Amino acid sequence: MKVLFLFIDGVGLRAPAPDNPVRPEVCPVLCSLIEKHSVSIDACLAVDGLPQSATGQATMFTGVNASQYMGRHCEGFPGPSLRKLIEEDNIMMELTRKGLRCRFADAYMIDRVDDLRVRRFKSVTTVMALTQPDVISTQDDLMENQAVTHDITRATFKEKGHDVKVITPREAAEHLVQVARAYDFTLFEFFQSDLSGHSRNYDQACETLRTLDAFLDGVVRLCEASGILMILTSDHGNIEDLSTRGHTRNPVPFIALGPQAGQVMNAVSSLIDITPRLTRLLVPGYVPVQRVVKPIG
């Protein structure tokens, strides 16, 4: 069993509306996946206020309700307390301990992992990846088409002056699934959807979703041909409601397509369930140890 986990930042579920660009005319593949292969799951985590990235992602990748642990939703980059929670245990740590091979497919434009450690601001996925440095992809991996960039096409990296070739979403899909074939668990993060939601620019949001959709079209086809279980979910809503610049309390989709997809979907109702369920799937007979985490407040 091989799993490709697509973490698509800031995509919630909302009825059709003029300010909701998540519609079949814009992103038919994503909408079809939501309609036919998904369940809606909670991202609010029983905490008041708008869900935020740091606590939502920490919950997703640890199985601990990070918002309750912090006593609030935390945005942006995780602070010391949240980093500690992630560094103590996460899905990549657990799977690696059980002998599985994991990969974070987003390429960092670095030569060495130490270049990443010294960065002042680190995302949840970066904090998690640094707990298992062998999962990290560098610019050398990207040049060998053994990694992808967070914008899919590499265009933003080209604009920043990096010596990279811009590729099509289809080519990026081929590169990603090639990586997924070589590992037991592969993670890809796409956060342009969240940035476009914050912009409230409908045209920009549509362009972002069209790029993502062309990429998903290739990923879905190649995963089906390879027998890979594809998982797609988000940390909170945003792009589905351009009437507001902030996040939403809408549920998010949990999409599963491929081997044992139905069993996985039936066992997930919130962000808290994702890591325990995928770990049990990938490690037969695995019984997760309940982490006792006291709220820091």
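The values are calculated or read from the model by the stated rules, or taken from the named source; none is laboratory data. As the structure is a prediction and not an experimental result, all values here were calculated from the model. Neighbour counts run over all protein chains shown; Cβ positions are idealised from the backbone, glycine included.
Observations
- Test for GLU144: is it touching a residue at least 24 places away in the same chain (Cβ under 8 Å), surrounded by fewer than 20 Cβ atoms within 10 Å (Cβ to Cβ) and among the charged types (D, E, K, R): no
- First in segment 198-213 and without any contact (Cβ under 8 Å) to a residue 40 or more places away in the chain, second anywhere and surrounded by 15 or more Cβ atoms within 10 Å (Cβ to Cβ) and among the polar types (S, T, N, Q), Cβ under 6 Å, 6 or more apart: GLN204/SER196; THR208/GLN192; THR208/SER193; THR208/SER196
- Enumeration of residues in segment 44-68 that are surrounded by fewer than 22 Cβ atoms within 10 Å (Cβ to Cβ) and either outside any loop (DSSP other than H, G, I, E, B) or touching an Asp or Glu at 6+ places or on another chain (Cβ under 7 Å) (or both): GLN68
- Criterion: touching a Cys at 6+ places or on another chain (Cβ under 8 Å) and charged (D, E, K, R) - qualifying residue of ASP184, ASP235, ASP217: ASP184
- Residue in segment 15-25 that is in contact with a Gly (Cβ under 6 Å, 6 or more places away or on another chain) and surrounded by fewer than 19 Cβ atoms within 10 Å (Cβ to Cβ) present: no
- Restricting the first member to segment 112-139 and to residues that are in contact (Cβ under 8 Å) with a residue 60 or more places away in the chain and within 11 Å of ASN90 (Cβ to Cβ), and the second to residues that are of a type in the set (Gly, Ala, Ser) and part of a helix (DSSP H, G or I), the beta-carbon pairs closer than 8 Å and six or more apart or on different chains are VAL124/SER53; VAL124/ALA54; VAL124/ALA58.
- Pick from segment 110-137, criterion at pLDDT below 95 and under 22 Å from ASP9 (Cα atoms), ranking: surrounded by the most Cβ atoms within 10 Å (Cβ to Cβ): LEU116
- Checked against the criterion of being touching a His at 6+ places or on another chain (Cβ under 7 Å) and either in a helix (DSSP H, G or I) or surrounded by fewer than 24 Cβ atoms within 10 Å (Cβ to Cβ) (or both), the candidates ARG245, ARG210 yield just one match: ARG245.
- Considering each residue of segment 80-102 in turn, at least one proves to be in a strand (DSSP E or B) and at pLDDT 95 or above.
- For segment 218-242, a residue qualifies if it is surrounded by fewer than 18 Cβ atoms within 10 Å (Cβ to Cβ) and either touching a Lys or Arg at 6+ places or on another chain (Cβ under 9 Å) or of a type in the set (A, V, I, L, M, F, W, C) (or both), and the qualifying residues are ALA225, SER226, GLY227.
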